[in-house]
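**Q** Quick one: this structure, given as structure tokens, is what I'll be asking you about.
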Amino acid sequence: MTEKPVARRHHYLPQSYLAMFTDSAKKDGRFFVLDVETNTTFFTSPKNVAVEKDFNRIDVEGYPPDFIENAFSPLEQAAADAIATTVKEGKFPSDENYSSILHLIGLIAVRNPFFRQSFNAAREHSARVVADLLVSDEKIWKNYIEKARREGEVISKDITFQEFKEFVDSGAYDVEFHPQGNLRVELKTFEKMLPILHERWWSLITTPPEGPEFICSDHPLTLYYKNSKSGPIGLGTRETELFFPLTNRAGFYGTFEEPLKEVVTARPKNVAIMNSRIAFNARRQLYSRTNSFLVWKNGEIWQKELHI
């Protein structure tokens, strides 16, 4: 029997989710992609976007490196099915589908390269602070080395305190983090975040039958203060609006303050506002079923044209 090859291309946005914004609503469908840095456009399928090599890789004895990547697939497909059913029925999702959609929102919020880069930057800063502390006094360094060896760490006896100090003081080193460690933190964060998502009141926002449509991005979850308030913001922050595009025709909108209508048909202005938020929140790319979409700019509706 031929062994299944190990998956190396890992999508941080599920293809089954991105398919909702293609011309066929299927994984092999295609959509317009706007590179927000170069302002260039191309036409492709979900397979070729929102993907990084070995993003969910693990190195654990007894498990293949793509075990976690494959483990996410049933959850992602359940969410895609829940979205499709919800949009087809045109009503607020059932409890099971509602839960699947919030699981997808939570996973996308924490399992993306932008969150990981920010978190790793903080971890690297902490690691450099610890390294500076270790070389501040030879006794501290010796105590740390002895403790590490007792706990099974292999540390060469050829390394002297002075050599280590010169290395740290130079600052000419990189701190690398394995995806496995990142995944551990991200999944713990997801567990804490999910109940907070359930605390919000949610509404299914649909677009008018004649359009316009919602777009998507490589960082589609948008969070904004109500009434132009400003300051630090997080998914648990009150007086905030959280919007997540489900398909080109529907989105999920949540707040904490009061119950919302379960289903709302958005006016073109509201679609344009949400599209502007999605576009502003994009890190690298925007995705659109059509080669034009509406945005809100300077208090007016603008039509953004994409040219290949």
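The values are calculated or read from the model by the stated rules, or taken from the named source; none is laboratory data. Quick caveat: nothing in here was measured; it's all calculated off a predicted structure. Cβ sites come from the backbone with ideal geometry, for glycine too, and all protein chains shown count toward neighbours. For the accessible areas, the whole protein counts, side chains as well, though only heavy atoms, and no ligand, DNA or RNA atoms are used. Shrake-Rupley method; radii C 1.70, N 1.55, O 1.52, S 1.80 Å.
**Q** What FRET efficiency comes out for the pair Glu37/His307, r = Cβ-Cβ distance, R0 = 25 Å, nearest 0.05?
**A** Taking R0 as 25 Å, the efficiency between Glu37 and His307 is 0.90.
**Q** Amide H to amide H, which residues 5 or more places from His10 or on other chains are under 5 Å from it, using H placed in the peptide plane?
**A** Glu52, Lys53, Asp54, Phe55
**Q** Looking at the chain, which longest stretch skips every one of the trypsin sites (Lys or Arg not before Pro) that is in a DSSP loop with at most 14 other Cβ atoms within 10 Å, leaving the sites themselves out?
**A** No qualifying site falls inside 158-228, the longest such stretch.
**Q** Still on this structure, please answer the following. Which whole-Hz couplings ³J(HN,Hα) result when phi for each residue of region 12-24 is put into the Karplus expression 6.51 cos²θ - 1.76 cosθ + 1.60, θ = phi - 60°, listed in order with x for Gly and Pro?
**A** Per residue, the Karplus-derived 3J(HN,Hα) values read 7, 10, x, 4, 5, 7, 4, 4, 5, 10, 8, 6, 10 Hz.
**Q** Under the √(5λ) rule applied to the eigenvalues of the Cα gyration tensor, what semi-axes describe the equivalent ellipsoid of region 90-235? Give them in Å, descending.
**A** 47, 17, 14
**Q** In whole Hz, what ³J(HN,Hα) sequence does region 49-60 give by Karplus (6.51, -1.76, 1.60; θ = phi - 60°), x for Gly and Pro?
**A** My calculation for region 49-60 gives 10, 6, 9, 9, 5, 6, 4, 10, 5, 10, 10, 10 Hz in order.
**Q** Please work out the C-alpha center-to-center distance from region 7-28 to region 251-308 and express it in whole Å.
**A** Between the Cα centre of region 7-28 and that of region 251-308, the gap is 20 Å.
**Q** Running a GNM on the chain with Cα contacts under 10 Å, which residue among Val271, Val36, Val129 ends up with the highest mean-square fluctuation?
**A** Comparing Val271, Val36, Val129 in the GNM, the peak value goes to Val129.
**Q** How many nm separate the modelled label positions at Ser118 and Glu239, each set 7 Å beyond the Cα in the direction of the Cβ?
**A** Placing both labels 7 Å beyond Cα along the Cβ direction yields 2.1 nm.
**Q** Can you run the Rg to Rh ratio on region 98-138? Use alpha carbon positions and the Kirkwood inverse-distance Rh.
**A** Expressed as Rg/Rh, it is 1.37.
**Q** Whose amide H sits under 5 Å from the amide H of Leu246, counting only residues 5 or more places off or on another chain, with H placed in the peptide plane?
**A** Those lying under 5 Å, H to H, from Leu246 are Gly251, Phe252.
**Q** Report the net charge of residues surrounding Tyr12, where surrounding means a beta-carbon distance below 15 angstrom and charges are Lys +1, Arg +1, Asp -1, Glu -1.
**A** Once positives and negatives cancel, what remains is +2.
**Q** Report, ordered by chain and residue number, the aspartates and glutamates lying within cross-link reach of Lys157, taken as a straight Cα distance under 14 Å and ignoring same-chain residues fewer than 8 apart.
**A** Leaving aside aspartates and glutamates fewer than 8 places away in the same chain, those within reach of Lys157 are Glu146.
**Q** Further question: Residues with amide H under 5 Å of Arg30's amide H, sequence separation 5 or more or different chain, H placed in the peptide plane at 1.01 Å from N; which?
**A** When sequence neighbours closer than 5 places are left aside, the close amide H contacts are Asp23, Ser24.
**Q** Continuing with this model, one more query. For Lys139 and Asp174, what does the FRET efficiency come to when R0 = 30 Å and r is the distance between their Cβ atoms, rounded to the nearest 0.05?
**A** 0.60
**Q** Alpha carbon centre of region 172-199 versus region 111-136: separation in Å?
**A** 14 Å
**Q** Follow-up question, since we're still on this one. What translational D, rounded to a whole number of µm²/s, comes out for region 48-153 from Stokes-Einstein when the hydrodynamic radius is the Kirkwood one over Cα pairs, at 4 °C and 1.567 mPa s?
**A** The estimated diffusion coefficient comes to 72 µm²/s.
**Q** Of Leu134, Leu104, Leu13, which has the largest mean-square fluctuation in a 10 Å C-alpha GNM of the chain?
**A** For the chain, modelled as a Gaussian network with Cα springs under 10 Å, the answer is Leu134.
**Q** Using alpha-carbon pairs under 8 Å, 6+ residues apart, how would you state the relative contact order of the chain in percent?
**A** 21 percent
**Q** What are the extents of the Cα atoms of the chain along their three principal axes, listed from largest to smallest and rounded to whole Å?
**A** 73, 59, 42
**Q** Let me ask you something else. Work out how far the C-alpha atoms of region 186-293 reach from end to end along every principal axis, then list the three figures in whole Å, largest first.
**A** 38, 33, 26
**Q** While we're here: For the charge dipole of region 26-183, defined by +1 on Lys and Arg C-beta atoms and -1 on Asp and Glu C-beta atoms about the Cα centroid, which residue among Phe161, Ile68, Val87 has the Cα displaced farthest towards the positive pole?
**A** Positive-most Cα among the choices belongs to Val87.
**Q** A further question on this structure: Kindly report the accessible area of region 249-308 per residue (heavy atoms of protein chains, probe 1.4 Å, no ligands, DNA or RNA), in Å².
**A** For region 249-308, the solvent-accessible area averages 55 Å² per residue.
**Q** While we're looking at this one, here's another question. Report, in listed order, any pair from Lys26/Lys226; Lys226/Lys269; Lys91/Lys269 with a Cα-Cα distance greater than 25 Å.
**A** Among Lys26/Lys226; Lys226/Lys269; Lys91/Lys269, the Cα-Cα distance tops 25 Å for Lys26/Lys226.
**Q** Place a point 7 Å from Cα of Glu146 in the direction of its Cβ. Which residues in region 161-181 have their backbone N less than 16 Å from it?
**A** 161
**Q** I've got another one for you. Which aspartates and glutamates have a Cα less than 19 Å from the Cα of Lys142, not counting those fewer than 8 places away in the same chain?
**A** Asp132, Glu151, Glu153, Asp158, Glu163, Glu166, Asp169
**Q** A further question on this structure: Tell me, what HN-Hα J-couplings in whole Hz come from the Karplus equation 6.51 cos²θ - 1.76 cosθ + 1.60 at θ = phi - 60° for each residue of region 187-199, using x for Gly and Pro?
**A** Using θ = phi - 60°, the values come out as 6, 5, 5, 4, 4, 6, 6, 4, x, 5, 4, 6, 6 Hz.
**Q** If you don't mind, there's one more thing I want to ask. In Å, what Kirkwood hydrodynamic radius results for region 1-82 from the alpha-carbon pair distances?
**A** 14.2 Å
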